Amino acid sequence: MNRALPAVRLRVPTHEDAFVWHRLFDDPDVMEFHGGRSAELSVYEELTARQRRHDAEFGFCLWTMLDASDRILGFTGAQPWPQDWGPTGEIEIGWRLGREHWGMGYVTAAARQTLERVRAAGVPSVVAMVDARNSRSIAVTQRLGMRLEERFTTPVGRREAHCYRLDL
(Lines give C-alpha, C1' and ligand atoms only; values in the text may rest on other atoms or scores of the structure.)
Protein backbone atom coordinates (compact mmCIF):
# COMPACT_ATOMS: atom_id res chain seq x y z
CA MET A 1 0.00 0.00 0.00
CA ASN A 2 1.36 3.42 -0.95
CA ARG A 3 0.77 6.07 1.63
CA ALA A 4 1.07 9.78 1.04
CA LEU A 5 4.50 11.14 1.83
CA PRO A 6 4.81 13.99 4.32
CA ALA A 7 5.64 17.52 3.25
CA VAL A 8 9.32 18.32 3.58
CA ARG A 9 11.41 21.31 2.63
CA LEU A 10 15.12 21.31 1.82
CA ARG A 11 17.37 24.33 2.33
CA VAL A 12 21.09 25.02 2.32
CA PRO A 13 22.42 24.35 5.83
CA THR A 14 23.33 27.33 7.99
CA HIS A 15 26.11 27.47 10.55
CA GLU A 16 23.42 27.19 13.26
CA ASP A 17 22.23 23.90 11.74
CA ALA A 18 25.51 22.32 12.85
CA PHE A 19 24.33 22.62 16.46
CA VAL A 20 20.95 21.06 15.66
CA TRP A 21 22.51 18.22 13.63
CA HIS A 22 24.93 17.54 16.49
CA ARG A 23 22.02 17.25 18.93
CA LEU A 24 19.77 15.22 16.57
CA PHE A 25 22.49 12.71 15.70
CA ASP A 26 23.77 12.26 19.26
CA ASP A 27 22.09 8.86 19.42
CA PRO A 28 23.68 5.41 19.09
CA ASP A 29 20.82 4.21 16.85
CA VAL A 30 21.33 7.11 14.44
CA MET A 31 25.10 6.61 14.39
CA GLU A 32 25.05 2.80 14.14
CA PHE A 33 26.14 2.83 10.49
CA HIS A 34 28.18 6.04 10.74
CA GLY A 35 31.01 5.05 13.02
CA GLY A 36 28.86 3.91 15.92
CA ARG A 37 29.28 6.98 18.09
CA SER A 38 28.48 10.66 18.11
CA ALA A 39 30.72 13.07 16.29
CA GLU A 40 32.10 16.25 17.84
CA LEU A 41 30.34 19.53 17.13
CA SER A 42 33.32 20.63 15.02
CA VAL A 43 32.57 17.79 12.56
CA TYR A 44 29.10 19.23 11.91
CA GLU A 45 30.45 22.79 11.72
CA GLU A 46 32.86 21.67 8.99
CA LEU A 47 30.14 19.59 7.28
CA THR A 48 27.65 22.46 7.10
CA ALA A 49 30.37 24.82 5.79
CA ARG A 50 31.37 22.27 3.12
CA GLN A 51 27.72 21.88 2.08
CA ARG A 52 27.37 25.64 1.59
CA ARG A 53 30.43 25.49 -0.69
CA HIS A 54 28.95 22.50 -2.57
CA ASP A 55 25.69 24.35 -3.12
CA ALA A 56 27.54 27.36 -4.52
CA GLU A 57 29.79 25.23 -6.73
CA PHE A 58 27.49 22.42 -7.89
CA GLY A 59 23.94 23.64 -7.24
CA PHE A 60 23.31 20.82 -4.76
CA CYS A 61 24.51 19.69 -1.35
CA LEU A 62 23.36 17.82 1.74
CA TRP A 63 20.41 20.06 2.54
CA THR A 64 18.84 20.61 5.92
CA MET A 65 15.50 18.80 5.93
CA LEU A 66 12.53 20.53 7.57
CA ASP A 67 8.98 19.36 8.19
CA ALA A 68 5.81 21.36 7.48
CA SER A 69 6.29 23.37 10.69
CA ASP A 70 9.96 24.15 9.81
CA ARG A 71 11.32 21.79 12.46
CA ILE A 72 14.76 20.43 11.48
CA LEU A 73 14.62 16.66 10.96
CA GLY A 74 18.14 15.96 9.67
CA PHE A 75 19.67 16.20 6.21
CA THR A 76 19.14 14.76 2.75
CA GLY A 77 20.90 15.64 -0.44
CA ALA A 78 23.81 14.89 -2.71
CA GLN A 79 27.53 15.51 -2.82
CA PRO A 80 30.58 14.16 -4.60
CA TRP A 81 31.62 10.83 -3.07
CA PRO A 82 34.24 11.99 -0.54
CA GLN A 83 36.37 8.82 -0.15
CA ASP A 84 39.34 7.50 -2.11
CA TRP A 85 37.67 4.06 -2.32
CA GLY A 86 34.24 3.04 -3.58
CA PRO A 87 32.42 4.99 -6.31
CA THR A 88 35.09 7.66 -6.79
CA GLY A 89 34.06 10.46 -9.11
CA GLU A 90 30.35 9.77 -8.55
CA ILE A 91 27.63 11.92 -7.01
CA GLU A 92 26.24 10.24 -3.92
CA ILE A 93 22.82 10.87 -2.45
CA GLY A 94 22.48 10.40 1.27
CA TRP A 95 20.39 11.09 4.32
CA ARG A 96 20.49 11.10 8.09
CA LEU A 97 17.50 11.67 10.28
CA GLY A 98 16.97 12.21 13.99
CA ARG A 99 15.67 8.98 15.59
CA GLU A 100 12.30 10.46 16.56
CA HIS A 101 11.52 11.08 12.88
CA TRP A 102 12.20 7.56 11.55
CA GLY A 103 9.49 5.56 9.80
CA MET A 104 7.34 8.50 8.70
CA GLY A 105 8.39 8.80 5.05
CA TYR A 106 10.47 11.97 5.46
CA VAL A 107 13.63 10.52 3.90
CA THR A 108 11.82 9.12 0.86
CA ALA A 109 10.02 12.43 0.28
CA ALA A 110 13.24 14.43 0.66
CA ALA A 111 15.29 12.00 -1.44
CA ARG A 112 12.78 12.35 -4.29
CA GLN A 113 13.22 16.13 -4.12
CA THR A 114 16.98 15.58 -4.15
CA LEU A 115 16.73 13.48 -7.31
CA GLU A 116 14.71 16.24 -9.03
CA ARG A 117 17.26 18.88 -8.03
CA VAL A 118 20.37 16.95 -9.09
CA ARG A 119 18.69 16.01 -12.38
CA ALA A 120 17.99 19.73 -12.95
CA ALA A 121 21.67 20.44 -12.19
CA GLY A 122 22.63 18.11 -15.06
CA VAL A 123 23.82 15.12 -13.06
CA PRO A 124 23.32 11.98 -15.23
CA SER A 125 23.27 9.40 -12.41
CA VAL A 126 23.64 9.07 -8.66
CA VAL A 127 24.85 6.41 -6.28
CA ALA A 128 23.98 5.63 -2.68
CA MET A 129 26.50 3.84 -0.50
CA VAL A 130 24.72 1.85 2.20
CA ASP A 131 26.02 -0.44 4.91
CA ALA A 132 24.81 -3.93 3.96
CA ARG A 133 23.12 -4.28 7.39
CA ASN A 134 21.17 -1.02 7.11
CA SER A 135 17.78 -2.37 6.03
CA ARG A 136 16.04 1.00 6.48
CA SER A 137 18.32 2.79 4.01
CA ILE A 138 18.24 -0.15 1.61
CA ALA A 139 14.44 0.14 1.63
CA VAL A 140 14.73 3.84 0.72
CA THR A 141 17.00 3.02 -2.25
CA GLN A 142 14.40 0.50 -3.43
CA ARG A 143 11.56 3.03 -3.11
CA LEU A 144 13.64 5.40 -5.25
CA GLY A 145 14.07 2.74 -7.94
CA MET A 146 17.82 2.34 -7.41
CA ARG A 147 19.56 -0.90 -8.32
CA LEU A 148 22.35 -2.68 -6.48
CA GLU A 149 25.41 -2.28 -8.67
CA GLU A 150 28.46 -3.19 -6.62
CA ARG A 151 29.63 -4.38 -3.22
CA PHE A 152 32.64 -2.99 -1.36
CA THR A 153 34.48 -3.82 1.84
CA THR A 154 35.02 -0.63 3.80
CA PRO A 155 38.64 0.14 4.68
CA VAL A 156 37.68 1.14 8.23
CA GLY A 157 35.72 -1.55 10.05
CA ARG A 158 35.96 -4.00 7.14
CA ARG A 159 32.17 -3.96 6.66
CA GLU A 160 30.25 -4.79 3.54
CA ALA A 161 28.84 -1.72 1.77
CA HIS A 162 26.40 -1.77 -1.13
CA CYS A 163 26.56 0.74 -3.95
CA TYR A 164 23.13 1.45 -5.43
CA ARG A 165 22.77 3.41 -8.69
CA LEU A 166 20.03 5.34 -10.41
CA ASP A 167 20.29 6.82 -13.88
CA LEU A 168 18.56 10.18 -14.04
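The values are calculated or read from the model by the stated rules, or taken from the named source; none is laboratory data. Model, not experiment: these values are computed from the prediction. A quick note on method: Cβ atoms are made from the backbone with ideal geometry, for glycine too, and the neighbour counts reach across all protein chains shown. When the accessible area is computed, the model is the full protein with side chains, heavy atoms only, and any ligands, DNA or RNA have been set aside. Shrake-Rupley method; radii C 1.70, N 1.55, O 1.52, S 1.80 Å.
Side notes on the structure shown:
- Per-residue 3J(HN,Hα) values for region 3-16, derived from phi via the Karplus relation 6.51 cos²θ - 1.76 cosθ + 1.60 with θ = phi - 60°, read 9, 5, 7, x, 6, 9, 10, 10, 9, 4, x, 9, 4, 5 Hz in sequence order (x marks Gly and Pro).
- Test item: Cα-centred dipole of the chain, Lys/Arg +1 and Asp/Glu -1 on Cβ, debye: 480
- Close amide-amide hydrogen proximity is noted between Cys61 and Ala78, each under 5 Å apart and 5 or more residues distant or on a separate chain (H modeled in the peptide plane; Pro and chain starts excluded).
- Using θ = phi - 60° in the Karplus curve 6.51 cos²θ - 1.76 cosθ + 1.60, the 3J(HN,Hα) couplings for region 68-83 round to 4, 9, 6, 7, 6, 9, x, 9, 8, x, 9, 7, x, 4, x, 9 Hz; x is entered for Gly and Pro.
- Mean ellipticity per residue at 222 nm, deg cm²/dmol - from DSSP H runs of n ≥ 4 across the chain, formula -39500 (n - 2.57): -10000 deg cm²/dmol
- Protein accessible area in the chain, 1.4 Å probe - carbon and sulfur %: 48
- Per residue accessible area in Å² of the chain, where ligands, DNA and RNA are left out and the probe is 1.4 Å: 52
- Spacing of the modelled spin labels on Asp27 and Asp167, each 7 Å from Cα toward Cβ, amounts to 3.8 nm.
- Overall form of the chain per C-alpha gyration tensor (a/c, 1.5; a/b vs b/c): rounded
- Gyration tensor verdict on region 104-151 (Cα atoms; rounded if a/c is under 1.5, prolate if a/b is larger than b/c, oblate otherwise): oblate
- For region 80-136, the list of trypsin sites (Lys or Arg not before Pro) that fall in a loop by DSSP and count at most 14 other C-beta atoms within 10 angstrom reads Arg133.
- HN-Hα J in Hz across region 116-130 - Karplus 6.51, -1.76, 1.60, θ = phi - 60°, x for Gly and Pro: 4, 5, 6, 4, 5, 7, x, 6, x, 7, 10, 10, 9, 9, 10
- Selection of chymotrypsin sites (Phe, Trp or Tyr not before Pro), region 1-103, meeting DSSP coil and at most 13 other Cβ within 10 Å: Trp85
- For Glu149, the amide hydrogen comes within under 5 Å of the amide hydrogens of Cys163, Tyr164, Arg165, counting only partners 5 or more places away or on other chains and with H modelled in the peptide plane.
- Under-5 Å amide H pairs with Asp131, H placed in peptide plane, nonlocal only: His162
- Think of the chain as a dipole: +1 on every Lys or Arg Cβ, -1 on every Asp or Glu Cβ, centred on the Cα centre; then among Ala18, Ala139, Thr154, Ala139 lies furthest on the positive end.
- Region 29-72 shape via C-alpha gyration tensor axes, a/c threshold 1.5: oblate
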